[in-house]
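Worksheet: the structure to be examined is printed underneath.
The values are calculated or read from the model by the stated rules, or taken from the named source; none is laboratory data. Only a predicted model underlies this, so the values are computations on that prediction, with no experimental measurement involved. Don't worry about glycine lacking a Cβ; one is built from the backbone with ideal geometry, like all the others, and counts go over all protein chains shown. For accessibility, only protein heavy atoms count, side chains too; no ligands or nucleic acids. Shrake-Rupley method; radii C 1.70, N 1.55, O 1.52, S 1.80 Å.
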Amino acid sequence: MNDKKTIFSGIQPTGCITLGNYLGALKNWVNLQNDYNCIFSVVDLHSITVRQDSAQLRKRCMDFLTQYLACGIDGEENIVFFQSHVPAHSELAWVLNCFTYMGELSRMTQFKDKSSKHADNINAGLFTYPVLMAADILLYQTDLVPVGIDQKQHLELARDIAIRFNGVFGDVFKVPEGYIPKEAARIMSLQDPTSKMSKSDPNVNGFISILDDPDTIRRKFKRAVTDSEGEIAFREGKHGVNNLLNIYSAVTNQSVEKSVNEFSGLGYGELKERVAQAVIEELRPMQERYADLCKNKDYINKLYTEGAQRAAYLASKTLRKVHRKLGYVDR
Ligand code: TYM
């Protein structure tokens, strides 16, 4: 490799890739990809903490990887792959499990959240999931992890685990930094702007899929929940309007202050229409590339096969170091 720093990030193949995932993560991956060695994974191992239909999962994994590429990720310059194709993720996760405390995992808000939503299936994977995420990151000696703010706690745990391991065995892992965008750190649901836009929201009007067609996008924004004040301003308590302003600002790459000025004196109807239009224009080229890529399965197959080989090579170097430090006999 060259002397560029390393990025690792991933999205779980559940539901669909939403505008939240795009603005919080994917768009930044695309912006950062030329300045870093990037490794982007469809983190399929993570997705089974909740029951999945196998046929749908297989298709969704392919769709997600294709959408990474359609968004502009260069899969030849960077590494794109399916997490399950590189066994080192599971292997390191086991080791790190032995360096993570139950207390730490019990404090994870996502665990509390998901276990209340899936009370009939609070499996051990749901509990230890942040350790697998730490393994994903630490395997590649990652410098930077571009994610939305909901992953901050998991990232901090990954840092703590790395520091703890290094404290025992010397410098084995690089301690990663997060990269969290300002405006798009937490895109909220269009139907309940006090909770985050989620790909598993049963109410499809709450989220925008990046593959939604223009009419659907317009309709969803039109129905977006705002407030009864009728004033376009960004301030505490105006959750719905704040969210629309954040989305607009992230899409147009401008500050919220500038967006507020742009809309001054206009009504919510106009705001929603303009945000919808900006999102439609942002997604249009991606959707066109997606349609083309779907016809080119061989190319995609080649990218993820080679991606997994390259990832496995890098991962094996870290794993070998870890095994030596632990005292395992060389293979
Ligand atoms: P996941 O699949 O829930 O989300 C993928 C990425 O999208 C971001 N995101 C959001 N950003 C802004 N607003 C939102 N409403 C929103 N919803 C989601 C997430 O922060 C994330 O960056 N555990 C991770 C996947 C993962 C991972 C990793 C990420 C596994 N291993 C290693 C980074 C590095 C997750 O469930 O993300």
Legend entry - For residue 5, distant residues with modelled amide H under 5 Å away: 37
Inset, instruction - Could you do me a favour and compute the accessible area per residue for the stretch 1-113, 1.4 Å probe, result in Å²? - result: 41 Å²
Legend entry - FRET efficiency, 1/(1 + (r/R0)^6) with R0 35 Å, evaluated for residue 291 and residue 270 via beta carbons: 0.65
Inset, instruction - Mind jotting down a quarter of the surface of the convex hull over the alpha carbons of the stretch 129-188, in square nanometres, one decimal? - result: 4.1 nm²
Inset, instruction - With θ set to phi - 60°, apply the Karplus curve 6.51 cos²θ - 1.76 cosθ + 1.60 along the stretch 201-211 and write out the HN-Hα couplings as whole Hz, x wherever there is a Gly or Pro. - result: 5, x, 8, 5, 6, x, 10, 9, 7, 5, 9
Inset, instruction - From zero up to wherever the largest Cα-Cα distance of the stretch 1-104 sits, split into 10 Å bins and tell me the percent of pairs in each. - result: 13, 41, 33, 12, 0
Inset, instruction - Answer with one residue from 65, 29, 83: the one whose Cα lies farthest towards the positive end of the charge dipole of the chain, charges on Cβ with Lys, Arg +1 and Asp, Glu -1. - result: 83
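Grab the Cα-Cα distance for residue 31 and residue 229, subtract it from 0.36 nm times how many residues apart they are, and report the gain in nm with one decimal. The partial results should precede the final answer.
Numbers: separation 198, 0.36 × 198 = 71.28 nm, distance 3.65 nm.
My answer for the length gained is 67.6 nm.
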Legend entry - Estimated FRET transfer efficiency (residue 121, residue 299; beta-carbon r; R0 30 Å; 0.05): 0.20
Inset, instruction - Measure nothing fancy, just the Cα-based angle from helix 297-326's long axis to the longest principal axis of the chain, in degrees from 0 to 90, nearest 10. - result: 50 degrees
Inset, instruction - Run down the lysines and flag those whose C-alpha is under 30 Å from the C-alpha of residue 317, throwing out any fewer than 8 positions away in its chain. - result: 4, 5, 27, 152, 174, 302, 325
Legend entry - Cα Rg over Rh - the stretch 233-328, Kirkwood: 1.30
Inset, instruction - Show 284, 58 ordered by accessible area, largest first, where the area counts protein heavy atoms only and the probe is 1.4 Å. - result: 58, 284
Legend entry - For the chain, size of Cβ-based charge dipole, Lys and Arg +1, Asp and Glu -1, in debye: 760 debye
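At 1.4 Å probe size, with the rest of the protein present, what percent of the exposed accessible area of the stretch 1-90 is carbon and sulfur atoms? Write out the running numbers ahead of the final one.
Numbers: 1500 of 3350 Å².
Solvent-exposed carbon and sulfur of the stretch 1-90 make up 45 percent of the total.
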Legend entry - Nearest 10 degrees, 0 to 90: helix 124-138 Cα axis against the chain principal axis: 80 degrees
Legend entry - Solvent-accessible area of residue 90 with every protein chain in place, 1.4 Å probe, in Å² to the nearest 10: 60 Å²
Inset, instruction - Please work out how much accessible surface residue 29 shows to a 1.4 Å probe, ignoring ligands, DNA and RNA, in Å² rounded to 10. - result: 0 Å²
Inset, instruction - Mind checking the full-extension length gain between residue 194 and residue 166? Use 0.36 nm per residue of separation minus the Cα-Cα distance, one decimal, nm. - result: 6.2 nm
Inset, instruction - Assign unit charges at the C-beta atoms only (+1 for Lys and Arg, -1 for Asp and Glu), then state the dipole size of the stretch 182-281 relative to its Cα centre in Debye, rounded to the nearest 20. - result: 200 debye
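Given a 1.4 Å probe and every protein chain left where it sits, what share in percent of the accessible area of the stretch 204-331 is carbon and sulfur?
49 percent
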Legend entry - Once the Cα gyration tensor of the stretch 229-289 is diagonalised, semi-axes √(5λ) in Å: 22, 11, 10
Legend entry - Accessible-area ranking of 36, 140, 313, largest first, probe 1.4 Å: 313, 36, 140
Inset, instruction - Highest first, please rank the peptides 272-279, 322-329, 205-212, 305-312 by the mean number of other Cβ atoms sitting within 10 Å of their residues. - result: 205-212, 272-279, 305-312, 322-329
Legend entry - Extended-chain gain in nm, criterion 0.36 nm per residue less alpha-carbon gap, residue 2 and residue 254: 87.5 nm
Inset, instruction - Could you tally the net charge around residue 218, taking each other residue with its Cβ under 9 Å from the Cβ of residue 218, Lys/Arg +1 and Asp/Glu -1? - result: +2
Legend entry - Crossing angle, helix 239-252 versus the chain [Cα axis fit, 0-90 degrees, rounded to tens]: 70 degrees
Legend entry - 5 angstrom amide H check on residue 178, placed H, neighbours 5+ away: 145
Legend entry - Percentage, to the nearest whole number, of Cα pairs in the chain over 34 Å apart: 26 percent
Inset, instruction - May I ask you to work out the translational diffusion coefficient for the stretch 122-224 at 25 °C, viscosity 0.890 mPa s, via Stokes-Einstein with Rh from the Kirkwood sum over Cα pairs, reported in whole µm²/s? - result: 153 µm²/s
Inset, instruction - Apply the Karplus parameterisation 6.51 cos²θ - 1.76 cosθ + 1.60, with θ equal to phi minus 60°, to every residue of the stretch 37-42 and state each ³J(HN,Hα) to the nearest whole Hz, in sequence, with x for glycine and proline. - result: 7, 10, 10, 10, 10, 8
Inset, instruction - Quick one: which residues, 5+ away or cross-chain, put their amide H under 5 Å from the amide H of residue 196? H built at 1.01 Å from N. - result: 189
Inset, instruction - Be a star and scan the stretch 267-289 for residues whose amide nitrogen sits under 20 Å from the point 7 Å along the Cα-to-Cβ vector of residue 222. - result: 267-284
